[in-house]
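Each value in this text was obtained by applying a stated rule to the coordinates, not by laboratory testing. Nothing here was measured: the structure is a model prediction, and the numbers come from that model. Quick reminder, even Gly has a Cβ in these numbers, built from the backbone with ideal geometry, and neighbours come from all protein chains shown.
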Amino acid sequence: MKYKFTDRIKPFHIFAMIVILGFAGYLFYAYRYGSVITDFFMMENTDLNFCDLWMHVYFVSDPSQLYNVGTPQAGCFPPLSYLMYYAIWMIIRRDGYAPAAFEEMDRIPYADLIMVYYSIFVVFCLFIGILLWHNDLFRTSVIVGVLLISVPFVSGGMAVANSTLLVMSWLLIALKLRDSNSSAVREAALLIIAICAGFKIYPAVFGLLYLLERRYKEAIRLTVYGIFFFFVPFAFFGGTDCFIRWFQNVRYTMGLIGFGRVQSLKEMIYTVVTLCNGHLPDAVYSMIPIAFLAIMIVLACLTRSRSRRLFFLCAIMTFFPTNAYRYTLCYMSIPLVVYARYDDSEENKSVMDKAFEYAEMIVLGLVYAMPVIPGKILGFKLTYEIYTATYAEIWIYIFAYLLLITVVCHEVCVLLKNRSKVSHAKTAWV
């Protein structure tokens with residue numbers, strides 16, 4: 001019996017192989033030339049020391065000054081996340097020691113131990129989330145292993161300990177629990193999504209899933225939970241005054257637009273236009289995120305594919321925020337996990353769907369794989385001035401936007417194809 005290529009090699013297998021090859025390339029160069037190679041992959045910086053976690057722990061070490069410490073774009077997390085950071089501070093604080101800056105936080109005794117267990121907790125949540133979807137220990141272990149050696153995890157989230165990875169893991173859990181036969185489990189899913197929105201705001205877009213499925217009562221409860229988890233924590237940090245400071249920080253951050261930042265769609269377009277010596281009115285740049293948000297929501301409403309619907313919602317969390325970094329690409333793991341569970345094994349797909357899916361997995365693999373760029377890994381200079389416009393970052397985001405374009409084109413082709421079928425059916429009926 002002969003086997004077709006697609007019977008043996010699934011699109012996810014290609015994604016996994018690309019990521020593994022990228023990590024192998026990193027290990028080869030690192031073993032040969034030492035830790036300077038890691039500088040290249042870590043946004044061309046030297047040892048970020050889990051800076052995002054310690055920065056926010058430092059911000060909340062004096063609760064009365066939350067949102068007054070640091071730059072506005074750094075202090076724009078909702079207060080629910082700071083309850084977690086405050087708990088960490090209470091555990092590691094030491095009388096008589098007041099760090100002068102967040103860079104000194106990791107010098108506090110046992111700070112490294114906290115960091116180890118925080119990382120274990122993140123990986124544990126990720127493992128549980130994927131296991132719930134796949135219900136297979138071996139397959140789950142493979143997916144977790146591949147993700148942990150990918151760009152958003154190694155040189156994005158884990159290196160800086162940003163809570164995005166934790167929120168993404170919780171969302172994976174919630175999105176599976178929401179389809180449970182148990183009402184208590186479905187309610188737990190609502191609470192988890194609301195907590196995620198309380199940490200990062202953007203996961204609120206998943207409320208759209210309940211509206212599309214006409215689960216209006218659950219959508220209302222999700223809204224109530226979301227309001228509770230968003231507003232109540234302000235009471236622990238100064239109430240109304242704290243909310244005003246937070247709102248000012250967010251408003252300032254969303255209005256930022258800088259050359260060299262390619263992680264958000266608005267600033268990527270600004271960078272390209274500037275490089276081409278062009279100019280667009282500020283109003284145009286202000287409308288770009290809104291137009292992108294509207295397009296993603298419309299596509300999420302129209303698609304019949306579960307994984308593409310999740311992709312469009314996750315794209316909002318990835319490319320919409322002005323202050324995004326490469327770790328926000330981890331949200332793309334959500335549709336990937338769902339695709340690997342369902343769509344990857346579907347039979348009777350059209351040639352067009354198969355071609356698009358292989359292309360999407362190849363491009364996603366190039367986004368997630370360590371960018372072993374010949375001729376650029378050695379001899380680079382640390383680029384602190386425009387630390388987001390590094391060789392690695394540009395490489396990663398070229399493929400990230402190509403992935404976005406590819407998936408949108410795939411969905412548009414499917415919609416046009418379905419519309420054509422409906423039109424032919426009406427003609428035949430007449």
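A cut-off under 12 angstrom between Cβ atoms defines the neighbours of G207, and their net charge, with Lys, Arg +1 and Asp, Glu -1, is +1.
Could you give the dipole magnitude of the stretch 6-422 about its Cα centre, charging the beta-carbon of Lys and Arg +1 and that of Asp and Glu -1, in debye to the nearest 20? Dipole magnitude for the stretch 6-422 comes out near 1160 debye. Total Lys pairs in the chain closer than 18 Å by alpha-carbon, pairs eight or more apart in sequence or interchain only? Here the count comes out as 9.
Note on the chain: GNM, Cα springs under 10 Å; of N135, N249, N323, the largest mean-square fluctuation is that of N135. The alpha carbon centroids of the stretch 267-316 and the stretch 107-178 are separated by 27 Å.
Report, in order of residue number, the helices in the chain meeting two criteria: a C-alpha extent of 18 Å or more along the helix axis, and a mean Kyte-Doolittle hydropathy of at least 0.5; treat each whole DSSP H run as one helix. Kindly include the intermediate steps, with their values, before the conclusion.
Working: long enough: 11-33 (34 Å, 1.24); 79-92 (20 Å, 1.39); 111-134 (35 Å, 2.04); 164-177 (20 Å, 2.06); 183-200 (26 Å, 1.47); 216-231 (22 Å, 0.90); 240-254 (21 Å, -0.29); 282-302 (31 Å, 2.23); 306-319 (20 Å, 0.84); 351-368 (25 Å, 0.97); 391-429 (57 Å, 0.80).
TM-like helix candidates: 11-33, 79-92, 111-134, 164-177, 183-200, 216-231, 282-302, 306-319, 351-368, 391-429.
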